[in-house]
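**Student:** Could you have a look at this structure, given as C-alpha cells, before my questions?
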Amino acid sequence: GHVWIVTVDGQASDESDATTSYASPVIVSDIIGHGSTAGEQWYVLNGTNFGVFADASHVEVMFDGVAISPVFGETTTKIYNGEDSKTYSTTDSDGEALEHISFQLPEMTDDV
C-alpha cells in the first residue's frame, strides 16, 4: 500500500502507519472488429477499476510493455478522464457498472 507524509509550511511528518491502496483493474472483455495490420482499427476494453472517472487520472494502454497512442497519429500515450468520449461507463444487465476505454490500434510492425 501507499504510506502518507504530510508537509505543512516545509515541515514533513513521519510516514503514516495507515496505508491506502487501489483495487487492481480487471479486463472483463474486449471488442475489436477485423482490420488490417496498417492500424487505425478501434478497440474497446471493458472492465472494472480502470480509474477513468477519478479526477486527474489517466490510463495508458500498453502492448508488450510499450505505450501506444489512444488515437492513431497522436503523440500522447495517455487517455485522460472523460477525454473525447474515449472513456465511458455503462451498466450491464445485472446492474453492475462497467468502464470502457476506446483507442486505435497502431500499425503492426516488428516493434509493436
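The values are calculated or read from the model by the stated rules, or taken from the named source; none is laboratory data. The structure presented is a predicted model; accordingly, all values stated were derived computationally and were not measured. Side chains are part of the model used for accessible areas, which takes the heavy atoms of the whole protein and leaves out ligands, DNA and RNA. Shrake-Rupley method; radii C 1.70, N 1.55, O 1.52, S 1.80 Å.
**Student:** Output the number of the condition that W4 fails; it satisfies all remaining conditions of (1) within 20 Å of the chain's Cα centre (by Cα); (2) among the aromatic types (F, W, Y); (3) at pLDDT 75 or above.
**Tutor:** Here W4 clears every test but (1).
**Student:** Now for a separate question. Restricting the search to the range 18-62, which residues are part of a strand (DSSP E or B) and modelled with pLDDT under 70?
**Tutor:** I32, the sole residue that qualifies.
**Student:** Which residues, taken from the range 79-97, are modelled with pLDDT under 75 and open to solvent by less than 70 Å² (accessible area, probe 1.4 Å)?
**Tutor:** I79, N81, G82, E83, K86, T87
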